[in-house]
1. Scan (1) at pLDDT 95 or above; (2) more than 19 Å from the chain's Cα centre (by Cα) for the single condition PHE72 breaks and write down its number.
2. What residue, of SER68, SER123, SER111, SER163, is closer than 24 Å to SER33 by Cα and among the hydroxyl-bearing types (Ser, Thr, Tyr)?
3. Tally time: how many residues in region 29-45 are closer than 13 Å to LEU129 by Cβ and open to solvent by 70 Å² or more (accessible area, probe 1.4 Å)?
4. Please verify whether PHE81 is more than 11 Å from HIS155 (Cβ to Cβ), open to solvent by 40 Å² or more (accessible area, probe 1.4 Å) and in a helix (DSSP H, G or I), treating the condition exactly as stated.
5. Which residues, counting only those in region 50-75, are assigned to a helix (DSSP H, G or I), farther than 22 Å from HIS107 by Cα and charged (D, E, K, R)?
6. Taking region 96-119, which residues are part of a loop (DSSP other than H, G, I, E, B) and crowded, with 24+ Cβ neighbours inside 10 Å?
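The values are calculated or read from the model by the stated rules, or taken from the named source; none is laboratory data. Not measured: the values here are computed from a predicted model. Heads up, the Cβs are rebuilt from the backbone with ideal geometry, glycines too, and the neighbour counts pull from every protein chain shown. Heavy atoms of the whole protein, side chains included, go into the accessibility calculation; ligands, DNA and RNA do not. Shrake-Rupley method; radii C 1.70, N 1.55, O 1.52, S 1.80 Å.
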Amino acid sequence: RVTDDSQILWYLDAMHEDCDQPAEVYADEFLVSTDEIELINEVGDLIEELTEEQFGHRTRPWVSPLFSLQMFRVIQSISEFTGQKASVFEMGPGSGYLGALLIRAGHRYISTDVAEGFYLWQSRMFEKLAPGEFTEMAEDDDFSKLEDPGTRVVHVPWWRHASYYK
């Protein structure tokens, strides 16, 4: 539970402490293209701006964007094959960097999360990454927007997602 806005920073680059992926990401065989480096740096620069604006000091994600690359590559490949940008719905995006990469690459992205800290972090990050193209459904009581909120990036609180079956 987040009791103070400053605690949101705890969720900026989390959930990779106990997994085996760091060895894979830091191995010599893990290659990153120039385009991927530029995209990761673009996201990192925007996160530094966001954290300075909202929390008073610049913070940059270190691990999470790298862990998102494999799935990003799959979605990017499908998009290139079809010649269309993808529409992705992600449940439980954690720190949100798959979404961040997809958003900055121009894809349509919708997500939901039940973890309060992650949700609050994601909301701030997605709004920074997609200015003018972001809808936060937690702040809107207009249920007619559930079908099509009219933006490329949509953040859906778990209680709204759980009501979609109605």
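1. Failed condition: (2).
2. On the way: SER123 fails: closer than 24 Å to SER33 by Cα; SER111 fails: closer than 24 Å to SER33 by Cα; SER163 fails: closer than 24 Å to SER33 by Cα.
Exactly one residue qualifies, and that residue is SER68.
3. Result for region 29-45: 1.
4. Taking the combined requirement at face value, the residue satisfies it.
5. If we filter region 50-75 for residues that are assigned to a helix (DSSP H, G or I), which is where we start, we get 50-55, 64-67, 69-75.
Cutting the leftovers down to farther than 22 Å from HIS107 by Cα gives us 51-55.
Within region 50-75, GLU52, GLU53 qualify.
6. Looking only at region 96-119, we keep the residues that are part of a loop (DSSP other than H, G, I, E, B), and these are 96, 105-107, 114-115.
If the condition is that a residue be part of a loop (DSSP other than H, G, I, E, B) and crowded, with 24+ Cβ neighbours inside 10 Å, then GLY96 is the only one that fits.
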